[in-house]
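To start, the structure under review is shown below, and the notes come after it.
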Amino acid sequence: MQVKPIYCRFFLEAERYDPVLSAAQHANLAAQEKRIQGEALLKPSIGLNGNLNQTYGNQTYYIPAEASQSLNYRQWNAAVNATLPLYRPGNKLQATQGTALTEQSELQLELTQQNLMLRVAQAYTDRRVAEETVDVLKVQKTAIERQLALAQKNFKVGNTTIVDTHEAQARYDQTEAQLSAAQLDVQNKGVVLENLIGRPIPRIEPLRSHQQQPPLKFKTLDEWLNTAQQQHPAMKLAEKMLKLRVWNIRKIKRRLILP
């Protein structure tokens, strides 16, 4: 069984918790309705109307003799209307615009997912680097503590001066201060990651050093740049927004020309 890397599991948790991604997903669902509404304008429509009118009354006659007559009238009406749009450029433009809005929303959702991946990866890396820094400083503190003890012992027997003892004490105090700052940095970096996934993390599992990474798809920078310009959601989103602006201009011009 292949176990997913820890940062992949963090991303799956952030995907269910992140409010920015949730807003983009709901906006995409709303945009899907725009496309359906736009396509409905180009499809045939059938309507059925019906009504029933009933009249009650009583008529009285006095000439030549008094007489009365009851009235009871019923009237049924039914109509079926079918409409097939043959030439409606405004509806066609609105349908095309609805499709473009849906595609724009899908690209925005994809871009939001990629941004979330980057945020999770950055938060994971920062937290892991901060923890590694704490581990290194702990080892340094232990080594400097031994040097301080040795310097104090040598000073007592007269092998070193008090200056060496003070220098060892200064290095120890400096390392201890750096360790306290690094531990505080671990807490701050951990808060960022915990806010993304919505749960506390006591300690992050390190990456496996023997884990084989997949080969890169491209080898040169130009290939990466060309692919990014053609396939990156931000570039595609900018193109869709430009098309929407053009369609809006056409829509306004059509309203000004047609009565």
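Yes/no matrix, rows are residues, columns are (1) over 30 Å from Glu131 (Cβ atoms); (2) at pLDDT 75 or above:
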{"position": "Glu194", "(1), (2)": "no, yes"}
{"position": "Arg199", "(1), (2)": "no, yes"}
{"position": "Arg208", "(1), (2)": "no, no"}
{"position": "Thr220", "(1), (2)": "yes, yes"}
{"position": "Glu223", "(1), (2)": "yes, yes"}
{"position": "Asn226", "(1), (2)": "yes, yes"}
{"position": "Ile257", "(1), (2)": "yes, no"}
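For residues that are within 22 Å of Glu15 (Cα to Cα), buried (at least 19 other Cβ atoms within 10 Å of the Cβ) and small (Gly, Ala, Ser), tally how many sit in region 167-199.
Of the residues in that region, 1 qualify.
Going through region 17-52 one residue at a time, which ones are farther than 30 Å from Val192 by Cα and either assigned to a helix (DSSP H, G or I) or modelled with pLDDT of 85 or more (or both)?
Result: Ala30, Ala31, Gln32, Glu33, Lys34, Arg35, Ile36, Gln37, Gly38, Glu39, Ala40.
Filter region 75-103 down to residues that are of a type in the set (A, V, I, L, M, F, W, C) and either free of Cβ contacts under 8 Å to residues at least 12 places away in the same chain or loosely packed, with under 12 Cβ neighbours inside 10 Å (or both), then give me how many there are.
Qualifying residue count for the region: 7.
On the given criteria, is Leu118 in contact (Cβ under 8 Å) with a residue 12 or more places away in the chain and on the phi < 0 side of the Ramachandran plot?
no
Return yes or no: is Arg128 within 12 Å of Val186 (Cβ to Cβ) and touching a residue at least 24 places away in the same chain (Cβ under 8 Å)?
Spelling it out, Arg128 is indeed within 12 Å of Val186 (Cβ to Cβ) and touching a residue at least 24 places away in the same chain (Cβ under 8 Å).
Output the residues belonging to region 104-125 that are surrounded by fewer than 17 Cβ atoms within 10 Å (Cβ to Cβ) and closer than 30 Å to Gln183 by Cβ.
Correct list: Asn115, Met117, Leu118, Ala121, Gln122, Thr125.
Give the residue that is modelled with the lowest pLDDT, with candidates limited to residues of region 103-134 that are under 15 Å from the mean Cα position of the chain (by Cα) and hydroxyl-bearing (Ser, Thr, Tyr).
Only one residue tops the list, namely Ser105.
The values are calculated or read from the model by the stated rules, or taken from the named source; none is laboratory data. Computed from a prediction, not measured in an experiment: that's the story for all the values here. Cβ atoms come from the backbone with ideal geometry, glycine included; neighbour counts cover every protein chain shown.
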